1. Taking helices (runs of 4 or more DSSP H) that fall entirely within the stretch 16-117, which contain at least 2 residues that are within 15 Å of residue 177 (Cα to Cα)?
2. Could you tell me which of the residues 196, 216, 204 is in contact with a Gly (Cβ under 8 Å, 6 or more places away or on another chain), modelled with pLDDT of 90 or more and either farther than 21 Å from residue 174 by Cβ or part of a helix (DSSP H, G or I) (or both)?
3. Quick one: what pairs do we get from the stretch 254-275, first residue in a loop (DSSP other than H, G, I, E, B), second of a type in the set (Asp, Glu) and surrounded by 16 or more Cβ atoms within 10 Å (Cβ to Cβ), C-beta under 8 Å, 6+ apart or different chains?
4. Residue check, residue 237 against (1) more than 18 Å from residue 162 (Cα to Cα); (2) surrounded by fewer than 21 Cβ atoms within 10 Å (Cβ to Cβ); (3) aromatic (Phe, Trp, Tyr), all met but one. Which one?
5. Of the residues that make up the stretch 251-267, is at least one under 21 Å from residue 29 (Cα atoms) and among the hydroxyl-bearing types (Ser, Thr, Tyr)?
6. Does residue 147 satisfy being in contact (Cβ under 8 Å) with a residue 60 or more places away in the chain, in contact with a Cys (Cβ under 9 Å, 6 or more places away or on another chain), in a helix (DSSP H, G or I) and within 29 Å of residue 125 (Cβ to Cβ)?
7. Does residue 162 satisfy the condition of being at pLDDT below 90 and either part of a helix (DSSP H, G or I) or not hydroxyl-bearing (Ser, Thr, Tyr) (or both)?
Amino acid sequence: MLLDFILLIAVAILFSLHQICIRKGTIEFDVISGTFISIFTTAFIFSALSINRIHFNARFIIFMILAGILHFFVARTAFYNCIDRIGANLAGPLSATRIYFAALFGFLIGETISIKIVLMTTLIFIGIVLLSNPKKGVKADLVGILLGIATGLTAAFSSVLVKFGMQIYPDAIFGSAIGYLSSLAIYPIFFRNIEFNLKKGKFFVLGGIFVGFGHFLRYYELIKMPVSVVEPVFSIYPLFTILLSYIFLKEKEIFSFRVVLGTISILLGINFYFL
């Protein structure tokens with residue numbers, strides 16, 4: 001149990017390091033090209049992990065393609081552009097609203113709503129308001145805020161499709177490989193003039209490695225532990241992001257009481273769902 005808890009903390013730190021790397025990457029390199037490099041890196045990781053896991057089921061593959069495109073193409077592109085516009089400190093907690101949207105989608109497909117969801121909604125709303133005005137006299141970029149929320153929304157809808165896919169064939173590793181490869185294949189269709197330069201995009205490569213292994217460890221723990229344990233521990237990663245960005249990006253990020261309070265408000269809202 002202690003080892004599992006340590007691994008979950010490691011997952012949160014890996015996701016935070018991913019955000020720090022992407023923030024540094026957006027400072028030095030084009031975000032569109034960098035996003036493609038990040039997807040390429042994680043596609044390579046999950047393809048390598050799936051060599052002995054290949055399974056052909058048309059319905060499973062369709063669900064994983066759709067889920068992957070939503071999460072790894074749409075959500076990741078939105079998230080990286082969000083980081084580019086408003087920084088890692090504000091982007092992290094906004095993208096973490098995916099759990100709220102997942103609960104909302106659950107309600108729409110027939111699950112019951114409860115006082116927990118009402119409290120979660122209230123705390124998350126307060127957190128978003130605080131992050132929208134992170135510092136006295138400073139308003140965050142509205143497009144950046146909307147991109148962060150869109151990341152959570154898209155990732156949540158992707159999770160619904162993943163749930164259907166896992167009911168057909170429960171292999172999240174192979175499913176992720178399908179999703180990443182699909183996203184990699186369609187990316188050049190929507191974005192032209194991609195500069196595939198691994199040296200210039202080194203922080204996107206590193207970010208892809210961190211998030212790839214973070215996802216792998218998260219899936220590993222979800223096999224052993226209930227979601228009600230995994231998600232609350234994992235969801236603290238925005239706090240690690242604030243700490244790490246203070247160490248590595250002090251001059252580029254916004255630090256204020258409102259940022260910390262807004263982040264904590266969103267995290268409390270998320271964790272209310274699991275109480």
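1. Numbers: elements: 31-49, 58-68, 76-86, 88-95, 98-108.
Passing ranges, in order: 31-49, 58-68.
2. 204
3. As it stands, the answer is 274/231, since those pairs meet every condition given.
4. If we test residue 237 against (1) more than 18 Å from residue 162 (Cα to Cα); (2) surrounded by fewer than 21 Cβ atoms within 10 Å (Cβ to Cβ); (3) aromatic (Phe, Trp, Tyr), just (2) comes out false.
5. No, that holds for no residue.
6. yes
7. Against the criterion (at pLDDT below 90 and either part of a helix (DSSP H, G or I) or not hydroxyl-bearing (Ser, Thr, Tyr) (or both)), residue 162 qualifies.
Listed here are the residues, each with its yes/no results for (1) farther than 9 Å from residue 37 by Cβ; (2) among the hydroxyl-bearing types (Ser, Thr, Tyr); (3) free of Cβ contacts under 8 Å to residues at least 12 places away in the same chain; (4) out of contact with any helix residue (DSSP H, G or I) (no Cβ under 9 Å at 6 or more places or on another chain).
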{"position": "189", "(1), (2), (3), (4)": "yes, no, yes, yes"}
{"position": "194", "(1), (2), (3), (4)": "no, no, no, no"}
{"position": "201", "(1), (2), (3), (4)": "no, no, no, no"}
{"position": "206", "(1), (2), (3), (4)": "yes, no, no, no"}
{"position": "210", "(1), (2), (3), (4)": "yes, no, no, no"}
{"position": "213", "(1), (2), (3), (4)": "yes, no, no, no"}
{"position": "217", "(1), (2), (3), (4)": "yes, no, no, no"}
{"position": "223", "(1), (2), (3), (4)": "yes, no, yes, no"}
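The values are calculated or read from the model by the stated rules, or taken from the named source; none is laboratory data. Just so we're clear, the structure is a prediction, and the values are computed from it rather than from any experiment. Note that we place each Cβ from the backbone using ideal geometry, even for glycine, and neighbour counts take in every protein chain shown.
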